[in-house]
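Asks: One structure, pasted below without further comment.
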Amino acid sequence: MITEFRRLVFSSSELESAIKDFNSEKVRKLPVGDIVGIEIFGEPHICARIRVGNFYDNSEEQEVVIDQTYLVAAMLYRCMQNRIPMPKSPKKTLECEGDGLALSFSINADPQPVKDSDT
């Protein structure tokens, strides 16, 4: 059996852009405002703590924690926007990579999946 692995690494700025686009165009989880900080934590179940500031009304920063399912969806959406081909039904894993995240795909391998096989 042939096993295939693929890994896409998102820098912190690319991850921020992916979250912004996904939040504004698909699934809104963040309050209105600008992202002023992202902290990745919690391996193996990675989450992101996002600080959002609204500079229009000078309100205090708000903090939102998003889970790995949302992060993966945002990253996949960013890949679709940039016409990066994606395999249809691989297992996906998410890992910290420097100050960004890496999304790994595997076919015919047995890594720990991000969530159910319908990911």
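Asks: Looking only at region 21-73, count every residue that is under 13 Å from the mean Cα position of the chain (by Cα) and in a helix (DSSP H, G or I) and tell me the total.
Replies: 9
Asks: Take region 1-18 and flag every residue that is more than 15 Å from MET80 (Cβ to Cβ) and not in a strand (DSSP E or B).
Replies: Answer for region 1-18, where residues must be more than 15 Å from MET80 (Cβ to Cβ) and not in a strand (DSSP E or B): MET1, ILE2, THR3, SER11, SER12, SER13, LEU15, GLU16.
Asks: Can I ask one more? Consider region 1-39. How many of its residues are of a type outside the set (A, V, I, L, M, F, W, C), surrounded by 14 or more Cβ atoms within 10 Å (Cβ to Cβ) and touching a helix residue (DSSP H, G or I) at 6+ places or on another chain (Cβ under 8 Å)?
Replies: Within region 1-39, residues that are of a type outside the set (A, V, I, L, M, F, W, C), surrounded by 14 or more Cβ atoms within 10 Å (Cβ to Cβ) and touching a helix residue (DSSP H, G or I) at 6+ places or on another chain (Cβ under 8 Å) number 5.
Asks: Under 6 Å by Cβ, and 6 or more places apart or on different chains, what pairs join a residue from region 45-63 that is hydroxyl-bearing (Ser, Thr, Tyr) with one that is in a strand (DSSP E or B) and surrounded by 15 or more Cβ atoms within 10 Å (Cβ to Cβ)?
Replies: The qualifying pairs do not exist here.
None of the figures in this text is laboratory data; all of them are computed from the coordinates on show. Here the structure is a predicted model, which is why all the values come from computation and not from measurement. Because the Cβ atoms are built from the backbone with ideal geometry, glycine has one as well, and the counts that use them run over all protein chains shown.
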